[in-house]
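Take a look at the structure below.
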Amino acid sequence: MFSKVLIANRGEIAVRIIAACRELGIATVAVHSAADRECLHARLADETVCIGPAESTGSYLNISSVMSAAQITGADAIHPGYGFLAENARFAEIVHECGLTFIGPPPEAIRLMGNKSQARRSVAASEVPILPGSDGPLGSSAEALELAAAIGYPVILKASAGGGGRGMRLAWDESELQRAYDTAWNEAERAFGDPTLYLEKYLESPRHVEFQILADRQGRVIHLGERECSVQRRHQKLIEESPSPALGPELRAEMGKAAVAAARAARYENAGTVEFLLDREGRFYFMEMNTRIQVEHPVTELVTGVDLVKEQLRIAAGKPVSMAKRTQVRPHGHAIEFRINAEDPRTFAPSPGRVSHLVMPGGPGVRVDSHLYAGYTVPPNYDSLVAKLLVHGRDRHEALVRGRRALAMLRVEGISTNAEMHQRILEDEDFQAGRIDTHFMERFLTA
Ligand code: MV4
């Protein structure tokens, strides 16, 4: 096992990774920006290195600074967390070239899955269902129009280098598609430096259901069930739960098998997530694969009892996944995660500032992953996620009741949060019944 791990991240996920290292007896190095001197991860780690200015381009995204911090502290591995450098294949390569271990998938798998049209093509070759659409990147708008005429409208154009909803354009007819193509091409060129696009039939009200997988160097690939992530606003997830109210044992087994096949197609290693769109008829389609530990990973940890970050460390060190077979992962009960953001409840604008008072909920079936403490000042430079409040119950109803109780116990004063909004969602009839799709929040916010 590693003796010292550098965490190339901040906030709650850095704190979460430090916890896993502590339990495995691994020393930790925190890196932080000039704005994060007081951040909890910098205080909890065994060693701390300031790597640059508040702006993440000069600190958390600065590969030379991160690598220098690893070299001077003698770290033998780097955990990237999520966001920042987590899905940067070049960074993973540099870590290996410097003789350290990247705690994540091989650079080739990151690169393949980072190119969304290539990812689509390669999983399809392994019999993973995909929506009708282009085989790889489109050559021209004429090709897009011809393909759309064959598969029927509506269609969606997506940037090969995009993902997570960035660089998408919907088209309901030929004239929209012609204009969408030029706009999307230019946007993708500016945003990603790669203008290539691909096309898919557009599904109108799908659910977002994703599968957690673990793959080790010995060639074992297992899935740990799904997370339902349909409750999101502007491609930012707000609530995730497991199991999905839409899956039964048969569909779960079928989708899990497809998720494992997608991971195998990428010669994947470490923890990853395969995202699917699920329609009302129970048909599912590969959307993308995320080659990182995700924000919502604790939902899976609560229902499976598996510590996913410890598994990541084990796998990166060349050890097998600690569960020999899928049958040794027996999901129990129901877990829900509420993302607590420091934001204005009306405008959704970030609400940084000093936390004057803080009460974190606890009690049966409650977990909070957070870097907040009383007296901490949330800086304005980063993502507004400040806490993940998770509840676990024997069934969905018990989890919902615990959610209400735990959200009511939470007190964050000095900054605004979206905790009240979560309470209102919990009162929603459709949410209570599990009737959620990717348009749930639009309906909820206009009601
Ligand atoms: C789609 C889609 C419908 N049809 N693709 C959004 C995030 C990105 N990963 C892909 N996304 C979508 N792709 C086809 N062919 C609908 C979405 C989508 C969505 C997906 C998951 C969660 C929320 C969403 C909100 C709007 C659109």
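The values are calculated or read from the model by the stated rules, or taken from the named source; none is laboratory data. Keep in mind that what you see is a predicted model, and the values were worked out from it rather than measured. For neighbour counting, all protein chains shown are included, and Cβ atoms are generated from backbone atoms with ideal geometry for every residue, glycine included. Accessible surface areas use protein heavy atoms only, side chains included; no ligands, DNA or RNA. Shrake-Rupley method; radii C 1.70, N 1.55, O 1.52, S 1.80 Å.
Some notes on this structure:
- The stretch 190-227 and the stretch 241-320 have Cα centres lying 9 Å from one another.
- Pairwise centroid distance, computed over Cα atoms, of the stretch 387-447 with the stretch 34-74, Å: 34
- Placing a label point 7 Å from the Cα of Arg330 along the Cα-to-Cβ direction, the residues of the stretch 252-280 whose backbone N falls under 19 Å from that point are 253.
- Rolling a 1.4 Å probe over the protein heavy atoms gives the chain an accessible area of 40 Å² per residue.
- When Phe348, Phe440 are compared by accessible area of protein heavy atoms, the largest-first order is Phe348, Phe440, using a 1.4 Å probe.
- Here each label is just a point 7 Å from Cα along the line to Cβ, and for Arg233 and Ala149 those points are 4.3 nm apart.
- Formal net charge of residues neighbouring Gly164 (Cβ-Cβ distance under 14 Å; K, R +1; D, E -1): +1
- Over the chain, relative contact order from alpha-carbon pairs under 8 Å, at least 6 apart, %: 14
- Structure remark: mean-square fluctuation, Gaussian network model of the chain, C-alpha springs under 10 Å; the largest value among Lys319, Lys116, Lys388 belongs to Lys319.
- Annotation: extensible slack from Leu445 through Ser140 equals 106.0 nm (criterion: 0.36 nm per residue apart, minus Cα-Cα distance).
- Computed E for Met409/Asp46 - FRET, C-beta separation, R0 30 angstrom, nearest 0.05: 0.40
- Dipole moment magnitude, nearest 20 debye, the chain about Cα centre, only Lys, Arg, Asp, Glu C-beta charged: 1120
- Extending 7 Å from Cα along the Cβ direction at Asp173 and again at Ala125 yields two label points whose distance is 3.9 nm.
- Note on the chain: Lys pairs 8 or more places apart or on different chains, Cα atoms under 24 Å apart, count 17.
- Sulfur and carbon atoms: percent of accessible area, the stretch 4-103 [1.4 Å]: 50
- Residues considered: Asn88, Asn186, Asn341. Largest GNM mean-square fluctuation over the chain, using C-alpha springs under 10 Å, is found at Asn186.
- Label-point gap, in nm, between Arg424 and Thr377 - each point 7 angstrom along Cα→Cβ: 3.1
- Residues of the stretch 297-337 with amide N under 20 Å of a point placed 7 Å along Cα→Cβ from Glu108: 315-319
- The protection proxy used here, the mean number of other Cβ atoms lying within 10 Å of each residue, ranks peptides 350-358, 154-162 as follows, highest first: 154-162, 350-358.
- Just the protein heavy atoms count here, and of the accessible area of the stretch 207-446 at 1.4 Å, carbon and sulfur take up 48 percent.
- Top of Thr183, Thr347, Thr57 by mean-square fluctuation, Gaussian network on the chain, Cα under 10 Å: Thr347
- In the chain, helices alone account for a calculated mean residue ellipticity at 222 nm of -10000 deg cm²/dmol, with every DSSP H run of four or more residues adding -39,500 (n - 2.57).
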